[in-house]
Amino acid sequence: MSRLKDERLQKISGQQVSAIKYCHDHDIIHRDLKPQYILLDADGNMKLGDFGLATRCRAGTVLQGHCGTKSYSPRTGTERRLRWEEGRCAKSGKLFYFITTGHHPFRGSTLKESKRNIITNGTYDIPDHVLGQLENLIHQMLTVASDRRPSIEDLQQHLWDMKYEENIPSDTNSDSSILDILAGLGFNANAILESL
């Protein structure tokens, strides 16, 4: 996969962070962030898709077991227990790295080798075209120590993301089949409609 140009990358990454923050503000954890679920509309605006593994939980909740795609799991997510807020920035960081470079940060010739690279050393290469603020942001998001990673709110305030935060259009059109599915999962359809 080829990397995105800077302006488009800035827009998508800012909207990615906003989408994740919106979910977390509403106690929703996606649990399977990966490039296939970053959808773009005709105007190039990012939408977060496939909430099939999503769950509702509050900050401080300890999630049991593994869920989602292993190559995008946070390093701490390879353990059997994870406080949900510990992994959210690392998963975003891996996704952000992918849309910036076109490949995974912790690569290996096999899934086992990739997992070992995540767990044991946490090292990755930053390509030469990634400079300055963008390089710094990736390093912050992928740091091994979960308590040293920026929060979603910190990411929003990062100059790289702030430029696009105010211009994200809201989609006020509702799809009744999506609302039916969400209602079947226990979400309040009226509350969803009011939030659009």
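The values are calculated or read from the model by the stated rules, or taken from the named source; none is laboratory data. Because the structure is predicted, anything quoted here is derived from the model rather than measured. In this analysis, Cβ positions are derived from the backbone assuming ideal geometry, glycine residues included, and neighbour counts consider all displayed protein chains.
Tabulated data for the structure shown
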read-out: Among the residues listed as Leu53, Leu39, the single one being at pLDDT 85 or above and touching a Lys or Arg at 6+ places or on another chain (Cβ under 9 Å); value: Leu39
read-out: Residue identified as modelled with pLDDT under 70, in contact with a Ser or Thr (Cβ under 8 Å, 6 or more places away or on another chain) and not polar (S, T, N, Q) among Leu111, Leu82; value: Leu82
read-out: Where a residue in the range 133-144 is farther than 12 Å from Phe96 by Cα and its partner, wherever it lies, is charged (D, E, K, R) and at pLDDT 80 or above, with Cβ under 8 Å and at least six apart; value: Thr143/Arg149
read-out: Positions within the range 4-32 being farther than 20 Å from Thr100 by Cβ, modelled with pLDDT of 80 or more and in contact with a strand residue (DSSP E or B) (Cβ under 9 Å, 6 or more places away or on another chain), in sequence order; value: Tyr22, Cys23, His26, Asp27, Ile28, Ile29
read-out: Residue in the range 27-36 that is surrounded by 16 or more Cβ atoms within 10 Å (Cβ to Cβ), more than 25 Å from Ala191 (Cα to Cα) and of a type in the set (Lys, Arg) present; value: yes
